[in-house]
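The structure under discussion appears below in the form of structure tokens.
The values are calculated or read from the model by the stated rules, or taken from the named source; none is laboratory data. Please read these numbers as outputs of a predicted model, since none were measured by experiment. Ligands, DNA and RNA are stripped out before the accessible areas are found, and what is left, the full protein with its side chains, is counted by its heavy atoms. Shrake-Rupley method; radii C 1.70, N 1.55, O 1.52, S 1.80 Å.
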Amino acid sequence: MTIDAQVLPTPVGPLSLLVRGDVLVAAGFTADPGEMFARLSPALKVLPLRVVDDLGKPAEAVRNYFDGDLFALDAVLAEQPGTPTRQRLLTALRAVPAGTTVSYAQLAERAGLPRTGARAAGSACAQNLIAPFVPCHRVLPQVGGFGGYYYGPHVKEWLLKHERAL
């Protein structure tokens with residue numbers, strides 16, 4: 001078993017995808033798949049990283065998404081570690097449709113937490129390993145602005161404009 005990686009060009013910069021078997025385990029806006037590999041759980045980091053020419057379905061989904069099929073990423077199986085609470089937050093996050101945004105407090109509520117769980121929602125977004133498939137870019141602070149984004153606010157803004165959420 002290996003972690004297979006592919007770097008895809010996108011209008012907002014290179015996107016590295018990492019897959020174990022048929023499951024996406026990391027994705028992020030970097031030209032270096034090693035950066036994403038370093039963020040994987042220790043159990044996955046023992047596997048060798050292998051760069052391939054075409055990951056198939058995940059790569060096709062990325063191309064389709066950037067070509068205008070805003071729901072293409074939803075069909076890709078993705079998995080990342082986390083506590084049961086974090087898993088509920090990531091599941092709720094993945095259910096936020098393209099073209100919409102939620103606040104951190106709303107995300108917490110959608111995961112079955114009280115609105116005061118906004119910090120936990122922010123933490124789940126900050127540690128999300130599978131952007132933009134798990135769309136943390138769709139979460140905005142209730143007070144306005146873009147808030148943080150691991151790959152920079154310019155990428156978050158670009159993605160939201162692409163999805164017509166702004």
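222 nm [θ] for the chain, helices only, -39500 (n - 2.57) per DSSP H run of 4+, per residue, to 500?
Rounded to the nearest 500, the figure is -9500 deg cm²/dmol.
Starting at 0 and stepping by 10 Å, how many percent of the alpha carbon pairs of the stretch 6-157 end up in each bin?
It works out to 11, 42, 36, 10, 0, in whole percents.
Of all the accessible heavy-atom surface of the stretch 3-67, with the other protein chains kept in place and a 1.4 Å probe, what percent is carbon and sulfur?
Answer for the stretch 3-67 is 52 percent, counting heavy atoms of protein chains only.
With everything on Cα atoms, drop me the angle between helix 84-94 and the longest principal axis of the chain, reported from 0 to 90° to the nearest 10.
Helix 84-94 and the main axis of the chain meet at about 90 degrees.
Normalising by the residue count of the chain, find the relative contact order in percent from Cα pairs under 8 Å and 6+ residues apart.
20 percent
Using a 1.4 angstrom probe on heavy atoms only, work out the carbon and sulfur share of the accessible area of the stretch 84-163 in %.
Ligands and nucleic acids excluded, carbon and sulfur reach 57 percent.
Where does helix 57-66 land angle-wise versus the long Cα axis of the chain, in degrees 0 to 90, nearest 10?
So the helix axis and the longest Cα principal axis differ by about 50 degrees.
Calculate, for the chain, the solvent-accessible area per residue in square angstrom, rolling a 1.4 angstrom probe over the heavy atoms of the protein chains.
47 Å²
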